[in-house]
Amino acid sequence: MISESFFQPMGFSLRLLSNSPAIVNAATASFGRFGPATPTDAPDLTFHLFAHALEEPPPGSPTYRTAGDLVYQTTGVSTLLADRGRGLAYGYFSPQVLANPAYFRWHFLELAFFVMLARRGLMGVHGAAIARNDQAILLRAPSGGGKTTLAYAAARHRFQALAEDVVWLDFAEERWWGTPWHFHLLPDAKKLFPELAGHEPVLQINQECKLEVDLEQLRAGSTTVSARPGPIVLVQRTPGQPSRLEPLPLPSARSLWLAAQTGAELAYPDYHRHLDALLDDNAYRLTSGDDFESSLDLLETLIA
């Protein structure tokens, strides 16, 4: 029996058709916290995602291909095909894939949504983001550079978390979007944050072991899905040194920004023009020492 469900991730209407409660539950986990959605006959996106009975070995990294607007991801048995231009996705998935909800969400369900966004005016950039009073601060650093840990420290009591690893910039609506609910921290974060003592490392999709933290369970109201654009902060960890914040001229900001780029973000149309507009007279370097509270003091000075 095929069911119909509606979601509204990042302001888009998404219609899901499926024969699988596991798929519907995964969609609720990924998109349900954006709030209740109104059914519509003309959704922005329609996903046809179904379970099938074909079995496969425990899946590894899928094969990813693109051809124009088409995106193809497959394990060999479980397969997703997404048409970015038309906002349609089709997929069939094995019992082994659906038995691992995190794997299914990461490699298929959320991929199907995220590949749609550039065609609809949202630019995804590598970074964490925090917000207060509906104004965001984007934190950018190379992978492992401390932006996620700093964003987590901010979400504990002074700010809301907006994004952990990817921030989606909506230029038309002048909003930044994220999926902020779960943060993934290195195991030694327990030494910095006592409330994580009971968390055990979990093997992630990328084979790293990290602490998975549901922010809303630790502090209700600690997340938000969107906020007004604000300053860009290029983070540099300086253990043993005091924290310092300084404005950056555009050439320096651009250089630090590009040093932290990852994935396909440079493929966004007019990327460098958007980047210069984002950074010009709006970028800062935060050299963040061991005292997170002093770093947060400095970030607070950037909020109007």
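The values are calculated or read from the model by the stated rules, or taken from the named source; none is laboratory data. Not measured: the values here are computed from a predicted model. So basically every Cβ, Gly included, is an ideal-geometry build from the backbone, and we count neighbours across all protein chains shown.
Of all the listed residues (A227, A253), the sole one being surrounded by 19 or more Cβ atoms within 10 Å (Cβ to Cβ), touching a residue at least 12 places away in the same chain (Cβ under 8 Å) and in a helix (DSSP H, G or I) is A253. Per the conditions (1) farther than 20 Å from V166 by Cα; (2) surrounded by 15 or more Cβ atoms within 10 Å (Cβ to Cβ); (3) of a type in the set (D, E, K, R); (4) modelled with pLDDT under 85, the sole criterion not satisfied by K190 is (4).
Conditions (1) touching a strand residue (DSSP E or B) at 6+ places or on another chain (Cβ under 7 Å); (2) among the hydroxyl-bearing types (S, T, Y); (3) within 23 Å of D170 (Cβ to Cβ), marked per residue:
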{"site": "G11", "(1), (2), (3)": "no, no, yes"}
{"site": "P36", "(1), (2), (3)": "no, no, yes"}
{"site": "P39", "(1), (2), (3)": "yes, no, no"}
{"site": "L54", "(1), (2), (3)": "no, no, no"}
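Residues in segment 284-304 that are over 21 Å from P142 (Cβ atoms) and of a type in the set (V, I, T): T301, I303. Which residues, counting only those in segment 134-151, are at pLDDT 95 or above and surrounded by fewer than 23 Cβ atoms within 10 Å (Cβ to Cβ)? Residues satisfying the conditions are D134, Q135. S3: at negative phi and free of Cβ contacts under 8 Å to residues at least 24 places away in the same chain, yes or no? Taking the combined requirement at face value, the residue satisfies it.
Applying the criterion of at least 1 residues that are modelled with pLDDT under 95 to the helices (runs of 4 or more DSSP H) found wholly in segment 21-116 leaves 21-31, 101-104. Just a yes or no: is a residue in segment 75-83 in contact with a Lys or Arg (Cβ under 9 Å, 6 or more places away or on another chain) and of a type outside the set (K, R)? No: zero hits. Of all the numbered requirements in (1) at pLDDT 95 or above; (2) exposed (fewer than 13 other Cβ atoms within 10 Å of the Cβ); (3) touching a strand residue (DSSP E or B) at 6+ places or on another chain (Cβ under 6 Å), H272 misses one, and that requirement is (3). Close contacts from segment 132-144, counting a first residue that is among the charged types (D, E, K, R) and a second that is in a strand (DSSP E or B), with Cβ to Cβ under 6 Å and a gap of 6+ residues or different chains, come to D134/A227; D134/R228; R140/L234. A Cβ distance below 8 Å, combined with a sequence gap of six or more or placement on separate chains, defines the contacts here; from segment 53-72, residues that are in contact (Cβ under 8 Å) with a residue 24 or more places away in the chain reach residues that are of a type in the set (A, V, I, L, M) and part of a strand (DSSP E or B) in the pairs V71/L80; V71/L81; V71/A82.
Taking segment 149-173, which residues are assigned to a helix (DSSP H, G or I) and among the small types (G, A, S)?
A151, A153, A154, A155
From the list G198, G263, which residue is touching a strand residue (DSSP E or B) at 6+ places or on another chain (Cβ under 8 Å), outside any helix (DSSP H, G or I) and either loosely packed, with under 15 Cβ neighbours inside 10 Å or at pLDDT 85 or above (or both)? It is G263.
Within segment 117-133, the residues that satisfy the criterion of being assigned to a loop (DSSP other than H, G, I, E, B) and out of contact with any strand residue (DSSP E or B) (no Cβ under 6 Å at 6 or more places or on another chain) are G121, N133.
Residues that are β-branched (V, I, T), assigned to a loop (DSSP other than H, G, I, E, B) and loosely packed, with under 14 Cβ neighbours inside 10 Å: does segment 290-304 have at least one? Yes, segment 290-304 contains a residue that is β-branched (V, I, T), assigned to a loop (DSSP other than H, G, I, E, B) and loosely packed, with under 14 Cβ neighbours inside 10 Å.
Restricting attention to segment 201-224 and to residues that are surrounded by 14 or more Cβ atoms within 10 Å (Cβ to Cβ), β-branched (V, I, T) and outside any loop (DSSP other than H, G, I, E, B), the residue that is modelled with the lowest pLDDT turns out to be V213.
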